[in-house]
Amino acid sequence: MLLASCALLIGLNGVTIVTTSSVASAAVNSFTFSGGLNGTLKLIPADDCGGSSGGETQLDSIVGKLKGSKTDQWTIIVIAPKNGTFTIKPATTGLASSTVTLETPGKNVALSWDATKGSITANGNSGSVNVTLKGTTGGASGTVKIKGSWDCPS
């Protein structure tokens, strides 16, 4: 949502238009999906959903349905080596140093989408992602964009 206001100031040298705007921030603990999966999912923060050892944050309690999938169980795994903002750099083998993975249960194995581009911001038990992911395992297919943030109890 964009809020804007405009004032007209008339002075000796003519007319001046002054504009101000503020952008409302996105909801915390909410993730918007577009592409192969569409919709919004909410994170129910738990005591252990924030930062864990090794720079990995596992957001397990994400609920809701997305258009393009029949499941309502989702996990977002964020790997950031330390606090800060990181650009996704896909690994040629294994996990990249900064990445995001989306998982959901599949018939025999978890469906996974791994980040191919975007950014992560991590700050202890909170952070945000703005990433594009590609289906990689378990029959996951297509490209999915995720934008959202979390703030977990410490």
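Name every residue in the stretch 100-132 that is touching a Ser or Thr at 6+ places or on another chain (Cβ under 9 Å) and of a type in the set (A, V, I, L, M, F, W, C), in order of residue number.
Passing the criteria: Leu102, Val109, Ala110, Leu111, Trp113, Ala115, Ile120, Ala122, Val129, Val131.
Scan the stretch 29-42 and report the pairs whose first residue is over 14 Å from Asn130 (Cα atoms) and whose second residue is basic (Lys, Arg), with Cβ atoms within less than 6 Å and a gap of 6+ or a chain change.
From residues that are over 14 Å from Asn130 (Cα atoms), the pairs are Asn38/Lys67; Gly39/Lys67.
When the residues of the stretch 113-154 are filtered to those that are more than 19 Å from Glu103 (Cβ to Cβ) and over 13 Å from the mean Cα position of the chain (by Cα), which remaining residue is modelled with the lowest pLDDT?
Only one residue fits best here, namely Ser154.
Of everything in the stretch 56-70 that's in a strand (DSSP E or B) and hydrophobic (A, V, I, L, M, F, W, C), which residue is modelled with the lowest pLDDT?
By that ranking, first place goes to Val63.
Would you mention how many residues in the stretch 107-154 are aliphatic (A, V, I, L, M), in a loop (DSSP other than H, G, I, E, B) and surrounded by 19 or more Cβ atoms within 10 Å (Cβ to Cβ)?
Qualifying residue count for the region: 1.
The values are calculated or read from the model by the stated rules, or taken from the named source; none is laboratory data. Computed from a predicted structure; not experimentally measured. When we count neighbours, we look across all protein chains shown, and the Cβ atoms used for this are built from the backbone with ideal geometry, even at glycine.
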